[in-house]
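To start, the structure under review is shown below, and the notes come after it.
Please treat every number below as a calculation from the coordinates, not as lab data. Predicted model only: the values in this text are computed from it and were never measured. So basically every Cβ, Gly included, is an ideal-geometry build from the backbone, and we count neighbours across all protein chains shown.
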């Protein structure tokens, strides 16, 4: 067993019990049914070597982590122009808040807020032939796994309960910052939230962000070095909801979390790491997952700072 | 001339004209009188070598950059305990806003907001014999310059016009998050804002943050590696007022700015860099200074991401 | 000509030119097309005598004035219970703001805000067989005019541009404070906003509020005296958007305005008065209409204070 | 015993037990010491006849009720001009909130908010020789009682704990909406809050507001009829903190309350009424006092609506 594998084992043992202090997301029934005791962690290095522990091969709903892939696709499609329609500042408010959107006249603070992701969806609908199929194909290609797909049960749940997101979409439209039909934008958004992946797939799919924009598996340039740096900056300042400051302080890595309990993070020029534990802290980030990442950076001394 | 020195020359030439799009801070008369065309930049490497260009040896009012030194002192004095009284999240609002303070019941969002810095001042007044003298001595020691001092004219100006800060102090006191006399806290705060330093001194004084907490000049351990990483995280997420997201996106370095037109930034395990140009952008950061730092990271390819 | 008729003539002459300082509502195309120079005023006394001047017999879109009739219907249907789902405090914010709704967890501040009127619509959909038909019948009965109806062009315009209201409805639903289908609630809401009436009809229809709850034309008890007093209190504190304080200060009568340029007001135990002039002040109330009402109360000395 | 006296007796019996559901103000020690079971009520008619019951002759701290007298004095001194520096809209927020003040750039929403009263104090300091002495003389004259005075113990308590008000004053000053020394403004403000009066004095002193601006006791014209109507409108829309809507709805009278547990209200052309019961509801109004006024208007059928 490699040193890294041993470290992951130790972290699983230490982090798994922390989950008891968190709460599994209940806002959609399909998420509430996920067993709270699942815990997976996986590291994929630039050379492709994989280290995994716990439930690292079980798929879960990636939820907001999908926003990382859609903003990447939007940057590829239209470049910096997306920042005319969405900001890149931390919000200081909850991920689905409407307040700031009103104050700032329909310009979401960043693309990782729900409102911002709806604008990104609108951008992709305008820039890509079959926008969602292309997004899914992009994720499968990055993860090296053709079976990644939408979880239909989660999708139905999202659709049936997505009133807050429908409110955001209508609100954006009232400011003129949504150009496609509200139903089409919501369909795209709910579908991306419902994609299921496992920790190994998730870590592998983010590896281009640790490699100055080039996918090390395929050699494909996904983003320019400058765009890659910028997506990492976005993750660090806005990737973990209204806890980005705490997360940067404790963990010190660019990361993106989802209310399904997943978090993916990168250490530039080294590796990507994904962790999954469903119970969340009050800000909506995986409690034991954040703990595990803090342990990982403390034990290895690897951080961007 | 070293490659770095040549780069700095080029950056000065490119960045200086940008200043015309900014506005010199007018909130205190003493700042409004500073010539708008000053521009200095200095890099100090871990081995002590200095590269400087423009007005890098002229002192200016460091203003909010002082908050970097006082939060360091507070961490040294009482450790993580300071975060019971002040958060570490980006604010999403202006640096002197009272709104968030009211919503969050007297706990400032981070120590780089004015309200947070007042709480830090209160911490230091309780933890240190002669708190301000010790802060000044600490800065002189880090900068290797015994003549660094308060600019009396700026201090008088701060005192005469500091109603907003007096409001914040009284407000914090009403929530019980200030324990010393309001006058004493304000005196400390106004004094630290009025310290004058030049770019070389500023870059040198921040070098411990690029060196895992050890001052390379004296060999003294200022912060533990973990604390050092955390102060850098604070700078990245909260160091440039309500533009931390934009700044991380464009520049990608932990940095702290001041309304006097100075910005100091660090590249871990490499160097510290300071820049000065008085005209500010609408968020209160040196316009040409931010531009210069973006050029620097783009030309060198050095970034934390 | 009666003294009152003479006064109305004089007021028309004085008030009509004021309209030039206002702006006709442009948020829906159908309203933007109304001629800005229309001006009508009508007084109906408890004994049924009518005094009218200007364009008092031309119908216009009553818009938010309809909220006065729907809240009356809701009180008749389920009594005070409606105040479990909507407050009765002035809002301090714009009529279609989402901010306060978020802070107060889906309970609109009062039934005259758009969000509050959507909740009232939901109440009526649950309490009445054919809720909108009954509302229209109620208005026709009060006004003594069987031809009052929805303006189809305005209705189409409302539907085509009502994204902000759709956002509010979805938002309310996300808090569980809407129980019927969003489309049904919006259909009711848009229909009531699109009702067209003239000044005489409007003044006559509000007469029960000047008569302790009894319709003087039919003798029917519409509200109990206590409910009548309460609806008047609601009008005074919340009836003119975020200008209720100014309006009470200047005019001193319970009143309800609409962005179509209409305002209806009552003087208890005397009369009801309606005025119409399309150009609005920045708060959304008819500019010349408010002016005319201020003149009316000043000339007659009639006020509730 | 008159019918009115009998009614007051009955109301005292019914209302006094309600006080148990409220909480005595604790924000200053001197108020927290007042016995919670005190209950007084007094009606003074335009002809001077007095009806009183319970502890109607025991003095208490009038607190914010003083704002009614100071805004009257300001209107007498400089007329409508005060509304260039303070609004007249209900606030929708707590009486000592700083939020709205920041959003609206230092213009308090109305003169009954603490911030608004500080601006009124500043107006009076500029317009009157010995501003506070004149205010006190005015109150004594209206109440017909030369012994009304400041309660020194309350004043000391206000001064020792008034950090929130000091924050407001400094904040106003930072916007330029305070022209006198902060200490002078606060001294005036704390002194007016500390005036002690009893229910009979309070009702009598407000009688000019029920008499179109003329003090019926002295025959002196205090305000023009128009100004009188306007102060009543201000009381109705802003007189009971953030519960003005509820209060208008339940009671239907122009009124001003204070956290000492007093409320004074007027019925134009009839009478003034004052009630005192220290325990407050969550919005800061006397709980049993509001209840008593609701009973009074329901029993008598007297209301402005």
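So the values come out like this:
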{"item": "Choice from D:208, D:247, D:163 with maximal GNM fluctuation in chain D (Cα, 10 Å cutoff)", "result": "D:163"}
{"item": "Cα shape, the stretch B:53-125, gyration tensor, a/c 1.5 rule", "result": "oblate"}
{"item": "Spin-label proximity, residue D:20 to the stretch D:265-305 - amide N less than 15 Å from point 7 Å beyond Cα toward beta carbon", "result": "D:279, D:288"}
{"item": "Label geometry 7 Å along the beta-carbon vector: residue B:103 inter-copy distances in nm", "result": "0.5, 0.9, 1.1"}
{"item": "Packing-based exposure ordering (other Cβ within 10 Å, fewest first) of C:86, C:103", "result": "C:103, C:86"}
{"item": "Dimensions in Å of the protein assembly as shown - Rg and Dmax from alpha carbons", "result": "33.1, 104"}
{"item": "Residue of B:59, B:164, B:295 that the Gaussian network model of chain B assigns the largest fluctuation, springs spanning Cα pairs under 10 Å", "result": "B:164"}
{"item": "As computed over the stretch D:255-305, the Cα convex hull volume per residue (Å³)", "result": "71"}
{"item": "Cα gyration tensor shape of the stretch A:12-91, rounded if a/c is under 1.5, else prolate or oblate by comparing a/b with b/c", "result": "oblate"}
{"item": "Distance between the stretch C:45-116 and the stretch B:215-292 - C-alpha centres, whole angstrom", "result": "53"}
{"item": "Over the stretch A:86-157 - Rg/Rh using Cα atoms and the Kirkwood inverse-distance radius", "result": "1.06"}
{"item": "Helix-only CD estimate at 222 nm, as mean residue ellipticity for chain B, using -39500 (n - 2.57) per DSSP H run (n ≥ 4)", "result": "-13500 deg cm²/dmol"}
{"item": "Nearest beta-carbon to the A/D symmetry axis - residue in chain A, distance in Å", "result": "A:103, 5"}
{"item": "GNM top mover of A:219, A:40, A:54 - chain A, alpha-carbon springs below 10 Å", "result": "A:219"}
{"item": "Fraction of the pair-distance distribution of the stretch C:100-259 above 21 Å, Cα-Cα pairs, percent", "result": "53"}
{"item": "Label point 7 Å beyond Cα along the C-beta direction, distances from residue C:137 to other copies (nm, shortest first)", "result": "5.9, 6.8, 8.9"}
{"item": "Principal-axis tilt of helix A:131-143 within chain A, Cα atoms, nearest 10 degrees", "result": "10"}
{"item": "Percent RCO, i.e. relative contact order, over chain C, from Cα pairs under 8 Å lying at least 6 residues apart", "result": "28"}
{"item": "Copies compared at residue D:33 - label distances in nm, ascending, label defined 7 Å from Cα in the Cβ direction", "result": "5.2, 6.5, 7.4"}
{"item": "Efficiency of FRET between residue A:226 and residue A:187 - r from beta-carbon atoms, R0 45 angstrom, step 0.05", "result": "0.90"}
{"item": "Cα-based helix-to-principal-axis angle, D:66-78 vs chain D, degrees rounded to 10", "result": "60"}
{"item": "Cα gyration tensor of the stretch D:3-300 - equivalent ellipsoid semi-axes, whole Å, descending", "result": "28, 21, 18"}
{"item": "All-pairs alpha carbon distance profile, the stretch B:118-182, 5 Å steps from 0, percent", "result": "4, 15, 18, 20, 23, 13, 6, 1, 0"}
{"item": "Pair-distance profile P(r), taking every C-alpha pair of the stretch B:216-305, with 5 angstrom steps and integer %", "result": "3, 15, 26, 25, 16, 11, 5, 0"}
